[in-house]
Amino acid sequence: MASLRTTLRGLGVSRRAVFLRGITSNTCRAFSTGLSPPSKGFVYEQHGPPDQVLRMVELPPVPVKENDVCVKMLAAPINPSDINRIEGVYPIRPQVPAVGGSEGVGEVHAVGSAVKSLSVGDRVIACPTTFGTWQTYVVKEESVWHKVSKNVPIEYAATVTVNPMTALRMMEDFVELNPGDAIVQNGSSSMVGQCIVQLARIRGVQSINLIRERPGSEELKEKLKKLGANEVFTENQLEIKNVKSLLNNIQEPALGFNCVGGNAASLVQKFLRQGGTMVTYGGMAKKPITVSTSSFIFKDLSLRGFWLQKWMNTEKAQDCRAMADQLLSFVEQGELKYEMELVPFIEFDTALNYALGKSGSRPKQVLTF
């Protein structure tokens, strides 16, 4: 706490002024309609390893201006992009000092005098994502928030805007898929991977899913098949010359998804049909993607990339809320689900260590307030 005060004094401003300008409030406008409650948040003063630079800070009340909405947070996930922002390696990040987190769900606590679309008690998400969701109260302009149904479990509302939306956009934006077509992906047990399996099933598209060899692989295969996966292979099973001989009645896929890199990306390419496309949206193995000359010349494969943040910065970003509603309707109907672990906000350090992989592979960590 003393370190934070020292940092702020070194910048020549008060702690309250920086908080108002850079952490939870937007550019100040005239005519405050009240103050938010005091808040607790996880703040970083400099970039670095999250388990070293994050600290719990008591944050003072801030004005709720005429166009502002004060939201009491209910749940917020710890995403890899959140970790990367704190480390200082993500292309888009807030100025420090900053509160961590970018996605989440909350309940409207207070509204400014000019707010028309939201009322106290409404359940809302930040859509598109914002900065500073790892705190008990968040004050942002009305335009940041999107009202969602209270019938949706809070953990799904809190996580709909990043991973499920990534899966949906990748299914829509690269290859026209029709019922009976097929896709192939690695990292199939990830949240995006689980969403791709189910969105494919909903559309009548078959899915070929790759996972790494690990203890519990057979149980994981069964879990994915219950979600709708047509085939699930460990990478070790695919160390054969003709992987397509394993497909039985599934068509050669036109579209593949890669979030791993290295050999796992090469395996996705092996399954693709002539003129197929592989879309990369992650690199968990931290190994480069390689492609053979023959794959380019004789199979005419295309390699593409997808970054949701860039998509949201285009004119299509206005579609974000319609997509969130669509995905949450799938959740309400029981058509979309994925694994998460809910962790109380006061046990943030535990959740962070799990998110950093210090205890092996764990489901998505979702903080509850």
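The values are calculated or read from the model by the stated rules, or taken from the named source; none is laboratory data. Nothing here was measured: the structure is a model prediction, and the numbers come from that model. A quick note on method: Cβ atoms are made from the backbone with ideal geometry, for glycine too, and the neighbour counts reach across all protein chains shown. Ligands, DNA and RNA are stripped out before the accessible areas are found, and what is left, the full protein with its side chains, is counted by its heavy atoms. Shrake-Rupley method; radii C 1.70, N 1.55, O 1.52, S 1.80 Å.
When you scan the range 303-321, do you find a residue that is in a strand (DSSP E or B) and of a type outside the set (D, E, K, R), even just one? Yes: one or more hits. Being under 25 Å from Pro50 (Cα atoms), aromatic (Phe, Trp, Tyr) and open to solvent by less than 10 Å² (accessible area, probe 1.4 Å) is a condition met by at least one residue of the range 125-142.
Scanning the range 74-102 for residues that are in contact with a strand residue (DSSP E or B) (Cβ under 8 Å, 6 or more places away or on another chain) and either over 26 Å from Lys310 (Cα atoms) or acidic (Asp, Glu) (or both) gives a single hit, Leu74. Considered as a group, the residues in the range 300-319 that are at pLDDT 95 or above and out of contact with any helix residue (DSSP H, G or I) (no Cβ under 6 Å at 6 or more places or on another chain) include one that is most open to solvent (accessible area, probe 1.4 Å), and that residue is Arg304.
Restricted to the range 62-79, and to residues there that are of a type outside the set (A, V, I, L, M) and assigned to a strand (DSSP E or B), the residue that is farthest from Ser117 (Cα to Cα) is Pro77. Apart from one condition, Gln251 fits all of (1) among the polar types (S, T, N, Q); (2) without any contact (Cβ under 8 Å) to a residue 60 or more places away in the chain; (3) out of contact with any helix residue (DSSP H, G or I) (no Cβ under 9 Å at 6 or more places or on another chain); the exception is (2). In this structure, Trp145 qualifies as under 20 Å from the mean Cα position of the chain (by Cα), of a type in the set (Phe, Trp, Tyr) and either closer than 21 Å to Ala317 by Cα or surrounded by fewer than 23 Cβ atoms within 10 Å (Cβ to Cβ) (or both).
Within the range 294-314, does at least one residue satisfy the condition of being in contact with a Pro (Cβ under 8 Å, 6 or more places away or on another chain) and of a type outside the set (D, E, K, R)? Yes, the range 294-314 contains a residue that is in contact with a Pro (Cβ under 8 Å, 6 or more places away or on another chain) and of a type outside the set (D, E, K, R).
I'd like to check something: does the range 321-333 contain any residue that is without any contact (Cβ under 8 Å) to a residue 40 or more places away in the chain, open to solvent by less than 30 Å² (accessible area, probe 1.4 Å) and closer than 18 Å to Asn163 by Cβ? No - not one qualifying residue is present in the range 321-333. Taken residue by residue, the range 338-360 has at least one member that is surrounded by 18 or more Cβ atoms within 10 Å (Cβ to Cβ) and closer than 22 Å to Pro128 by Cα.
Selection of first residues in the range 91-104 that are within 13 Å of Gln365 (Cβ to Cβ) and outside the structural domain of Gly48 (by TED's automatic domain parsing) and of second residues that are of a type in the set (Val, Ile, Thr) and assigned to a loop (DSSP other than H, G, I, E, B), restricted to Cβ pairs under 6 Å at least 6 apart or on distinct chains, gives an empty result. Of the residues screened, Ile83 is one that is open to solvent by 10 Å² or more (accessible area, probe 1.4 Å), of a type in the set (Val, Ile, Thr), out of contact with any His (no Cβ under 9 Å at 6 or more places or on another chain) and modelled with pLDDT of 95 or more. Answer yes if at least one residue in the range 228-241 is surrounded by fewer than 18 Cβ atoms within 10 Å (Cβ to Cβ), on the phi < 0 side of the Ramachandran plot, of a type outside the set (A, V, I, L, M, F, W, C) and in a loop (DSSP other than H, G, I, E, B), and no otherwise. Yes, that holds for at least one residue. Residue count for the range 140-162 satisfying the condition of being part of a helix (DSSP H, G or I) and touching a strand residue (DSSP E or B) at 6+ places or on another chain (Cβ under 9 Å): 8.
With respect to the conditions (1) surrounded by 14 or more Cβ atoms within 10 Å (Cβ to Cβ); (2) modelled with pLDDT of 95 or more; (3) in contact with a Pro (Cβ under 9 Å, 6 or more places away or on another chain), Asp68 lacks only one, and its number is (3). Taking Asn249 as the residue in question, decide whether it is open to solvent by 40 Å² or more (accessible area, probe 1.4 Å) and either among the hydrophobic types (A, V, I, L, M, F, W, C) or outside any loop (DSSP other than H, G, I, E, B) (or both). For Asn249, the condition - open to solvent by 40 Å² or more (accessible area, probe 1.4 Å) and either among the hydrophobic types (A, V, I, L, M, F, W, C) or outside any loop (DSSP other than H, G, I, E, B) (or both) - is not met.
If the condition is being modelled with pLDDT of 95 or more and over 19 Å from Pro94 (Cβ atoms), then the range 34-50 contributes Leu35, Pro37, Pro38. Residue count for the range 163-177, restricted to those that are part of a helix (DSSP H, G or I) and more than 19 Å from Asp82 (Cβ to Cβ): 6.
Looking across the range 222-253 at every residue that is small (Gly, Ala, Ser) and out of contact with any Lys or Arg (no Cβ under 6 Å at 6 or more places or on another chain), the one that is modelled with the lowest pLDDT is identified as Ser245.
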